[in-house]
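Colleague: First, the structure itself, so that you have it in front of you.
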Amino acid sequence: MKSPVVKRSIVIAGHKTSVSLEDQFWDALKEIANNRRSTLSEIVASIDSGRNQGNLSSAIRLFVLAHFRNASATRDNSDFAEKASHSRTTVA
């Protein structure tokens, strides 16, 4: 049986480290990096430098979760604004 967690090596600030994440988190991280026109190493280095505690794998998972929650909230807010603008009536 294949393990759901995949360990990969990544270079952060010039040194190689191993990070264990589920495939879905690796895919999401690649998507974020691609959308930001960045590399996985740059994104992970940014996450690493910004974390206060915990291990790097957990920090990456929380980063991915926050990214997609924020994207969802932004979409929800723009949907709400669009619906509100369509429901307004003009009074003459």
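The values are calculated or read from the model by the stated rules, or taken from the named source; none is laboratory data. Predicted model, so just to flag it, every value in this text is computed and none were measured. When we count neighbours, we look across all protein chains shown, and the Cβ atoms used for this are built from the backbone with ideal geometry, even at glycine. Side chains are part of the model used for accessible areas, which takes the heavy atoms of the whole protein and leaves out ligands, DNA and RNA. Shrake-Rupley method; radii C 1.70, N 1.55, O 1.52, S 1.80 Å.
Colleague: May I ask you to list the residues in region 14-35 that are of a type outside the set (Val, Ile, Thr) and closer than 15 Å to Ala59 by Cβ?
Modeller: Ser18, Ser20, Leu21, Glu22, Phe25, Trp26, Ala28, Leu29
Colleague: Is there any pair linking a residue in region 31-56 that is at negative phi to one that is open to solvent by less than 50 Å² (accessible area, probe 1.4 Å) and among the charged types (D, E, K, R), with Cβ under 6 Å and at least six apart or on different chains, and which?
Modeller: Matching pairs, first to second residue: Leu56/Asp48.
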